[in-house]
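Trainee: The structure that follows is given in the form of structure tokens.
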Amino acid sequence: MFDELAHPLVIALSKGRPLAQQLALLQRLGIEPSEDITTSRKLVVKGNHPQIRLMVLRGHDVATYVEHGIADIGIVGKDVLLEFPGDNFYEPLDLKLSQCQLIVAGLIDEKPLPRRLRVATKFIETAKRFYASEGTQIDMIRLTGGLELAPVMGLADRIVDIVETGSTLVANGLEPKAFICDISSRLIINKVAFKTKQPMIDRFIESMMAETQ
């Protein structure tokens, strides 16, 4: 179904651990890169169909390239979308890849908490929305890594972070305190591309649904 394209279809994929699952999903749809995308230094690689182009970017950049119409389609984590300010794309499908949870965590043996909590996270906007819905006052502390250390060393009362098994929390004397949302890879479509390339994109979405639902 991809050989009939009159114009290139550009698909943006997320770097890192999610990439292997994303490539496997595309392969089941009959889409493969023309070279090993995991080792190539190229950021845009031709597909096995003449009009397919594949881009490999950081998660936030996937959303940005789709937002501005440079990529027609993107696969990106819900955690990125929750923090992303733009809305020039549709999010039609949960691909059920790279599944995990976004949670609030704190010390297992914690002292009474202050009325105004110190919350460490890189998911600033998501944490703000969650605590606003709870009616809890917070001071945000932006951290990009080593979040489990923040409560242990007294930097924060709570952290908001992604967990898969929770083993890292336990190893550092932490436990989940609240569930925020499920996280997984999502399909996003640029709004203009959805109109100008709708027949092709509709078939792409249908094929994705058949493989993931």
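Trainee: All but one of (1) over 19 Å from ALA63 (Cβ atoms); (2) under 17 Å from the mean Cα position of the chain (by Cα); (3) assigned by TED's automatic domain parsing to the domain that holds LYS78 hold for ILE188; which doesn't?
Mentor: In the conditions (1) over 19 Å from ALA63 (Cβ atoms); (2) under 17 Å from the mean Cα position of the chain (by Cα); (3) assigned by TED's automatic domain parsing to the domain that holds LYS78, ILE188 misses (1) alone.
Trainee: Among the residues of the range 169-185, which ones are outside any strand (DSSP E or B) and either within 17 Å of the chain's Cα centre (by Cα) or over 23 Å from VAL80 (Cβ atoms) (or both)?
Mentor: VAL170, ALA171, ASN172, GLY173, SER184
Trainee: Just give me the residues in the range 121-168 being surrounded by 14 or more Cβ atoms within 10 Å (Cβ to Cβ), part of a helix (DSSP H, G or I) and without any contact (Cβ under 8 Å) to a residue 24 or more places away in the chain, in sequence order.
Mentor: Passing the criteria: LYS128, TYR131, LEU149, THR168.
Trainee: Hey, among the residues in the range 146-175 that are charged (D, E, K, R) and in contact with a Lys or Arg (Cβ under 7 Å, 6 or more places away or on another chain), which one's nearest to ARG115 (Cα to Cα)?
Mentor: This residue is ASP157.
Trainee: Being charged (D, E, K, R), within 23 Å of LEU81 (Cβ to Cβ) and assigned by TED's automatic domain parsing to the domain that holds LEU81 narrows it down to one of LYS128, LYS195, so name that one.
Mentor: Unique residue meeting the criteria: LYS195.
Trainee: Within the range 97-117, work out how many residues are of a type outside the set (S, T, N, Q) and under 11 Å from the mean Cα position of the chain (by Cα).
Mentor: Total satisfying the criteria: 2.
Trainee: Right, next: Only one residue in GLY16, GLY69, GLY47 is at positive phi and either of a type in the set (Lys, Arg) or at pLDDT below 95 (or both), so which one is that?
Mentor: Selected residue: GLY16, the only one of GLY16, GLY69, GLY47 that is at positive phi and either of a type in the set (Lys, Arg) or at pLDDT below 95 (or both).
The values are calculated or read from the model by the stated rules, or taken from the named source; none is laboratory data. Quick caveat: nothing in here was measured; it's all calculated off a predicted structure. Note: ideal-geometry Cβ built from the backbone for every residue, glycine included; neighbour counts use all protein chains shown.
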